[in-house]
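*Asks:* The structure follows.
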Amino acid sequence: MKLYTIGHGTVNVSDFIATIRKYDINAIVDVRSIPYSKYVNAYNRENIEYTLKENKISYIYMGDLLGARYNNSVFFNEDRRVIFKKVQKTANFNKGIERIINGINKGFTISLMCSEEDAFVCHRFGLISEYIRDKVNIIHIGTSYERINAELEQRLISTYDSEIDQIRFYTENPLNLTMHDYKLNEAYKFHNLKIGYVSGEN
């Protein structure tokens with residue numbers, strides 16, 4: 001099974017549609033908690049939904065299930081930052097994941113859509129892809145790039161390698177992870193602390 005992700009950024013909407021068509025994507029799942037753009041009105045929920053439908057591409061809003069912004073303290077660490085592992089345990093999040101899998105099984109070619117052009121700094125990678133990576137082949141696309149999920153994960157390990165306590169691998173490894181999987185797991189945690197939403201911020 002294959003799942004795409006894309007970020008609209010400030011890309012011209014016609015180029016955005018052209019990119020979607022290039023990959024034969026016929027369903028966009030909007031995972032923005034707030035489905036509006038500060039910079040390009042064309043990506044406001046009502047506008048992008050209309051544009052996609054005009055191009056015979058389905059639009060499904062799931063920011064309420066798969067978004068990353070929460071203001072409930074049960075999801076926070078001490079810095080009021082949303083911790084992705086806590087989100088992943090919720091019924092709503094898992095309902096969203098189930099809907100994605102079901103859609104793919106029904107024959108839809110789906111792309112998650114968020115606002116960040118670079119998937120690496122977006123929750124569609126750090127939260128959603130991290131959770132679903134063993135179930136589907138994930139490809140992150142844009143108007144000028146294509147990256148398989150494993151490439152972003154290697155970038156993740158490289159980014160945080162110096163911060164990962166490798167001694168813990170030898171002293172505390174109850175899941176019997178390989179060194180690569182241990183580093184990846186730890187790197188996702190560090191990344192969460194960098195990109196996760198902080199309640200009260202704009």
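The values are calculated or read from the model by the stated rules, or taken from the named source; none is laboratory data. The model shown is predicted, which means the values in this text are computed figures rather than measured ones. We place every Cβ from the backbone using ideal geometry, glycine too, and count neighbours over all the protein chains shown. Remember, those area values only see protein heavy atoms, side chains included, never the ligands or the DNA or RNA. Shrake-Rupley method; radii C 1.70, N 1.55, O 1.52, S 1.80 Å.
*Asks:* Mind listing just one residue for me: the one in the range 71-94 that is touching a Phe, Trp or Tyr at 6+ places or on another chain (Cβ under 7 Å) and not charged (D, E, K, R) and, of those, most open to solvent (accessible area, probe 1.4 Å)?
*Replies:* ILE83
*Asks:* Something else: Would you mind finding the one in SER199, SER129, SER144 that is at pLDDT below 95 and within 26 Å of PHE76 (Cβ to Cβ)?
*Replies:* Only one candidate passes the filter, namely SER199.
*Asks:* Need the failing condition index for HIS180 against (1) assigned to a helix (DSSP H, G or I); (2) closer than 27 Å to GLU78 by Cα; (3) in contact with a helix residue (DSSP H, G or I) (Cβ under 8 Å, 6 or more places away or on another chain), just the number.
*Replies:* For HIS180, the failing item is (2).
*Asks:* Cβ-Cβ distance below 6 Å, separation of 6 or more or different chains: which pairs start in the range 105-116 with a residue that is touching a residue at least 24 places away in the same chain (Cβ under 8 Å) and surrounded by fewer than 23 Cβ atoms within 10 Å (Cβ to Cβ) and end on one that is acidic (Asp, Glu) and in a loop (DSSP other than H, G, I, E, B)?
*Replies:* That search, which allows pairs on different chains as well, returns THR109/ASP24.
*Asks:* Here are PHE76, PHE108: which of them is closer than 24 Å to ASP134 by Cα, in contact with a strand residue (DSSP E or B) (Cβ under 8 Å, 6 or more places away or on another chain) and not β-branched (Val, Ile, Thr)?
*Replies:* Exactly one residue qualifies, and that residue is PHE108.
*Asks:* State all residues of the range 159-182 that are open to solvent by 40 Å² or more (accessible area, probe 1.4 Å), touching a residue at least 12 places away in the same chain (Cβ under 8 Å) and under 21 Å from PHE125 (Cβ atoms); if no residue qualifies, say none.
*Replies:* Scanning the range 159-182 gives THR159, ASP161, GLU163, HIS180.
*Asks:* Another question about this same structure. Among ASN44, ASN94, which is closer than 28 Å to GLU151 by Cα, of a type in the set (S, T, N, Q) and out of contact with any strand residue (DSSP E or B) (no Cβ under 6 Å at 6 or more places or on another chain)?
*Replies:* Result: ASN94 is the single residue among ASN44, ASN94 that is closer than 28 Å to GLU151 by Cα, of a type in the set (S, T, N, Q) and out of contact with any strand residue (DSSP E or B) (no Cβ under 6 Å at 6 or more places or on another chain).
*Asks:* Let me ask something else about it. Those residues that are part of a helix (DSSP H, G or I) and touching a helix residue (DSSP H, G or I) at 6+ places or on another chain (Cβ under 9 Å), I need them from the range 186-202; list them, please.
*Replies:* Keep residues of the range 186-202 that are part of a helix (DSSP H, G or I), which gives 186-195.
Listed by number, the residues that qualify are GLU186, ALA187, TYR188, LYS189, PHE190, HIS191, ASN192, LYS194, ILE195.
*Asks:* Looking at (1) open to solvent by 40 Å² or more (accessible area, probe 1.4 Å); (2) assigned to a helix (DSSP H, G or I); (3) without any contact (Cβ under 8 Å) to a residue 60 or more places away in the chain, which one does ASP15 not meet, given that it meets all the others?
*Replies:* It fails just one condition, (3).
*Asks:* I've got another one for you. Filter the range 38-72 down to residues that are at positive phi and either of a type in the set (S, T, N, Q) or at pLDDT below 95 (or both), then give me how many there are.
*Replies:* The number of residues fulfilling the criteria is 0.
*Asks:* Please indicate, with yes or no, whether at least one residue in the range 62-69 is under 14 Å from VAL13 (Cα atoms) and of a type outside the set (Val, Ile, Thr).
*Replies:* Within the range 62-69, the first condition is being under 14 Å from VAL13 (Cα atoms), and the residues that meet it are none.
No, the range 62-69 contains no residue that is under 14 Å from VAL13 (Cα atoms) and of a type outside the set (Val, Ile, Thr).
*Asks:* While we're here: Quick one: would you say ILE138 is buried (at least 21 other Cβ atoms within 10 Å of the Cβ), in contact with a Phe, Trp or Tyr (Cβ under 8 Å, 6 or more places away or on another chain) and β-branched (Val, Ile, Thr)?
*Replies:* Judged against the criteria, ILE138 is a match.
*Asks:* Would you check which residues across the range 31-60 are touching a residue at least 12 places away in the same chain (Cβ under 8 Å), hydroxyl-bearing (Ser, Thr, Tyr) and under 21 Å from ALA18 (Cα atoms) and list them?
*Replies:* The answer is SER37, TYR39, TYR43, THR51, SER58, TYR59.
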